[in-house]
Every structure is written in structure tokens, then in C-alpha cells.
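Student: Okay, handing you the structure first.
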Amino acid sequence: TQNKDLRALFRGKAQHVVNFMYFIAEELREILASLGLETVEELVGRTDLLQRSTQLKPNSKAASLQIERLIEQFDGVNTKEISQNHHLDEGFDLNYLYPDARYSIENGHSFTGNYVVNNEQRDVGVITGSAIAKQYGEEGLPEDTILAYTEGHAGQSLAAYAPRGLTIHHTGDANDYVGKGLSGGTVIVNAPNSQRENEIIAGNVNFYGASRGKAFINGKAGERFCIRNSGADVVVEGIGDHGLEYMTGGHVIILGDVGKNFGQGMSGGVSYIFPSDVEKFKKVNALETLEFSSIRFDEEKSLIKDMLEAHFKHTRSNKA
């Protein structure tokens with residue numbers, strides 16, 4: 001809860017959780033000692049230490065289960081490890097974007113590419129962004145050095161973690177997690193036609209944990225938009241419930257309505273909202289932690305103008 005009166009009644013402390021975990025570890029150590037073991041690893045495969053519970057009611061369903069085959073001991077190796085394979089070699093970046101842009105990344109040259117994507121291709125731009133970050137560090141490359149134009153139905157995590165120098169300009173719609181962890185890059189999701197501006201064209205949890213960068217969404221986005229945004233500047237044309245939770249920095253312009261529970265836990269950053277009904281918006285979102293005001297300073301007007309002009313430049317948005 002964000003209610004200060006209720007929060008004052010809460011007596012829990014972080015140290016209580018630490019102590020609880022110590023107690024769990026101590027009890028586990030005692031159980032292991034009673035079995036003559038020292039580590040949890042030694043328990044693996046020791047089905048001889050299991051037995052049917054004596055606390056089961058005779059007529060219960062659990063009592064009728066035949067578990068003998070499950071706890072039967074057998075000779076040989078009783079552990080198995082399976083190597084993980086995330087099939088990265090089959091992904092979009094390693095097959096298309098990164099091979100095309102690799103030379104430009106390594107030499108700091110400009111690159112522009114055009115691609116068609118589908119919703120099976122998740123994490124578009126992630127490995128390419130990783131290559132930029134590995135070579136150039138936190139500062140990345142100059143803006144728009146690596147520019148990828150995509151179209152279609154983008155899968156999850158479009159342009160996630162994108163560093164400075166990487167721009168993904170997508171025409172179409174996108175699934176969840178667009179721009180999560182955005183780290184200086186630019187993300188544009190452009191409606192394929194003017195009718196789509198009033199529809200949801202980006203899924204849920206977009207720009208979760210974004211720290212730097214810019215984003216322009218030419219339509220509505222789903223729930224939990226810009227949670228824990230700490231520095232990205234974003235323009236969107238309407239969002240769902242739980243928007244801007246725990247936001248600590250950055251600027252978000254919303255050219256439309258927002259859902260319920262807006263701004264819960266928000267402790268920093270600024271949002272400029274243009275709802276269809278201002279008074280209704282204030283009433284629904286009357287939280288002690290939120291401060292409402294009109295645009296008061298020339299610096300704010302200049303910032304809003306610059307962000308909206310950039311939004312219009314990239315998307316030709318009617319609302320902008």
C-alpha cells in the first residue's frame with residue numbers, strides 16, 4: 001500500500017527476512033544431520049530415506065497411492081544434467097541483423113537495414129545491441145548509427161536493452177516487453193495506418209526498467225507501461241492499468257487516457273498527460289504520492305514541444 005497511515009503500522013524490517021532465512025537454513029542443517037548427511041547434494045537420489053507418511057487418513061486418496069515404485073532404489077548414476085539450448089543461432093539477430101551490421105559496428109560506421117519480422121522472432125535487436133555494448137561500453141555509438149527498419153508483427157522484447165547508437169523503427173504491432181531495460185537506444189513503433197492509432201499496438205510491460213534512451217509509440221500500449229523507468233523519455237498515445245509504477249526518473253508523455261492504479265509507488269520523473277477528461281483523471285488517480293499541476297515552466301514547454309516534434313517526425317502521428 002502507498003497509504004502513509006497504513007505503512008506506519010507495518011512493523012516488518014528487512015532484517016526479519018534475513019533472520020527467517022537463517023532459521024530455514026539451520027533447520028535444514030539439523031534435518032541433514034539427523035540423516036547422517038552434510039550437504040543437500042548428498043540427498044539427490046536417496047529414495048531409501050523416503051517413507052509413506054503415518055499421518056495420512058486411511059480413507060484418503062493420498063493413502064491409496066502406490067508409491068513403492070517411486071521410492072525404489074536402483075544401482076548406477078542417479079543424477080542427470082541437461083545442457084540448456086536457447087537456440088540463439090536460430091534467432092533473428094544472428095541470422096539477419098547482426099551479420100548485416102557487424103562490419104559497421106566494429107568500425108563505427110553507419111548502417112541501415114530493412115527487414116520483415118513475425119511474432120516468432122523474439123528479442124529483435126538484443127544481440128546486435130550487445131555487440132555495441134561490448135565494444136563501446138556504456139556510451140555506445142552516436143545516435144542512429146545502426147538503424148533497422150522492421151515491419152510486421154514483432155515478437156516479445158523488441159529492442160530490449162538497446163544501447164545508444166541502435167535504433168529500431170518498427171511499422172506494425174509488437175508483443176510484450178518492447179524496450180525493456182532500454183539503455184540509450186531509440187525505439188519507434190509506428191501504426192501501419194491512421195486507423196491503428198486508436199488501437200493497442202504494443203503489448204504489456206513495455207520499457208520495464210528503462211534507464212536511458214527514447215521511445216515513440218504511435219498508438220496505445222497495454223498494462224504496466226514504463227514500470228521502474230529511471231531515465232528514458234517516452235511518448236505514447238494511451239496506456240492500460242498500472243502505468244508508471246515505481247518510476248524514478250525520465251519523462252513520459254501520454255497523448256490519451258490511462259488505466260487504473262496509475263503511478264503507484266512513483267517516486268521520481270515527470271509524466272505529461274493529455275486525457276480526454278482531465279477532472280475524471282484527477283479523481284480516479286487521486287493518490288497521496290502523486291502531485292498534479294499544470295505546465296508551469298518554459299523549460300517544460302520546450303521539452304514537451306521537442307518530444308512531440310520528434311514523435312511526429314518519426315510516426316506522423318495525428319495526435320502529436
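Student: Of the residues in the stretch 2-15, how many are under 30 Å from the mean Cα position of the chain (by Cα) and loosely packed, with under 10 Cβ neighbours inside 10 Å?
Tutor: Summing the residues that are under 30 Å from the mean Cα position of the chain (by Cα) and loosely packed, with under 10 Cβ neighbours inside 10 Å in the stretch 2-15 gives 8.
Student: Another one. Considering only residues that are among the polar types (S, T, N, Q) and either in contact with a Cys (Cβ under 7 Å, 6 or more places away or on another chain) or touching a residue at least 40 places away in the same chain (Cβ under 8 Å) (or both), look in the stretch 1-40 and name the one that is farthest from Gly265 (Cα to Cα).
Tutor: Out of the qualifying residues, it is Asn3.
Yes/no per residue for (1) outside the structural domain of Lys214 (by TED's automatic domain parsing); (2) touching a Gly at 6+ places or on another chain (Cβ under 6 Å); (3) closer than 19 Å to Phe216 by Cα:
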site: Asn229; (1), (2), (3): no, yes, yes
site: Met247; (1), (2), (3): no, yes, yes
site: Met266; (1), (2), (3): no, no, no
site: Pro275; (1), (2), (3): no, no, yes
site: Thr289; (1), (2), (3): no, no, no
site: Phe297; (1), (2), (3): no, no, no
site: Lys301; (1), (2), (3): no, no, yes
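Student: Would you confirm whether or not the stretch 76-89 contains a residue that is touching a residue at least 24 places away in the same chain (Cβ under 8 Å) and over 30 Å from Thr150 (Cβ atoms)?
Tutor: Yes, the conditions are met somewhere in the stretch 76-89.
Student: Among the numbered criteria (1) farther than 27 Å from Ala174 by Cβ; (2) assigned to a helix (DSSP H, G or I), which one does Pro99 miss?
Tutor: Exception for Pro99: condition (1).
Student: Still on this structure: Inside the stretch 30-40, can you point out the residues that are in a helix (DSSP H, G or I) and touching an Asp or Glu at 6+ places or on another chain (Cβ under 9 Å)?
Tutor: The one that is in a helix (DSSP H, G or I) and touching an Asp or Glu at 6+ places or on another chain (Cβ under 9 Å): Leu32.
Student: Kindly check whether there is at least one residue in the stretch 113-121 that is in contact (Cβ under 8 Å) with a residue 24 or more places away in the chain, among the hydroxyl-bearing types (Ser, Thr, Tyr), over 13 Å from Gly185 (Cα atoms) and not in a helix (DSSP H, G or I).
Tutor: yes
Student: Would you confirm, using the coordinates I've provided, whether Ile201 is assigned to a strand (DSSP E or B) and more than 24 Å from Gly165 (Cα to Cα)?
Tutor: Criteria met by Ile201.
Student: Could you run through the stretch 155-213 and say how many residues are small (Gly, Ala, Ser) and under 16 Å from Thr315 (Cβ atoms)?
Tutor: Looking only at that region, the number is 7.
Student: Let me ask something else about it. Within the group Gly125, Gly91, Gly108, which residue is farther than 21 Å from Ser157 by Cβ, within 30 Å of the chain's Cα centre (by Cα) and surrounded by 10 or more Cβ atoms within 10 Å (Cβ to Cβ)?
Tutor: The conditions single out Gly108.
Student: Out of all the residues in the stretch 132-153, is one or more touching a Phe, Trp or Tyr at 6+ places or on another chain (Cβ under 6 Å), crowded, with 21+ Cβ neighbours inside 10 Å and of a type in the set (A, V, I, L, M, F, W, C)?
Tutor: yes
Student: Which one of these does Phe281 not meet: (1) exposed (fewer than 12 other Cβ atoms within 10 Å of the Cβ); (2) aromatic (Phe, Trp, Tyr); (3) in contact (Cβ under 8 Å) with a residue 24 or more places away in the chain?
Tutor: Failed condition: (1).
Student: Further question: Go through the stretch 173-185 and give me each residue that's surrounded by fewer than 24 Cβ atoms within 10 Å (Cβ to Cβ) and either among the hydrophobic types (A, V, I, L, M, F, W, C) or assigned to a strand (DSSP E or B) (or both).
Tutor: Asp173, Ser183
Student: Hey, another quick one. Picking from Glu245, Glu288, which residue would you name as being assigned to a loop (DSSP other than H, G, I, E, B) and under 26 Å from the mean Cα position of the chain (by Cα)?
Tutor: Of Glu245, Glu288, the one residue that is assigned to a loop (DSSP other than H, G, I, E, B) and under 26 Å from the mean Cα position of the chain (by Cα) is Glu245.
Student: Going by the conditions given, is Leu56 among the aliphatic types (A, V, I, L, M), surrounded by 13 or more Cβ atoms within 10 Å (Cβ to Cβ), out of contact with any Asp or Glu (no Cβ under 7 Å at 6 or more places or on another chain) and not in a loop (DSSP other than H, G, I, E, B)?
Tutor: For Leu56, the condition - among the aliphatic types (A, V, I, L, M), surrounded by 13 or more Cβ atoms within 10 Å (Cβ to Cβ), out of contact with any Asp or Glu (no Cβ under 7 Å at 6 or more places or on another chain) and not in a loop (DSSP other than H, G, I, E, B) - is not met.
The values are calculated or read from the model by the stated rules, or taken from the named source; none is laboratory data. The structure presented is a predicted model; accordingly, all values stated were derived computationally and were not measured. Positions of Cβ are generated from backbone atoms using ideal geometry, with glycine treated the same way; all protein chains shown enter the neighbour counts.
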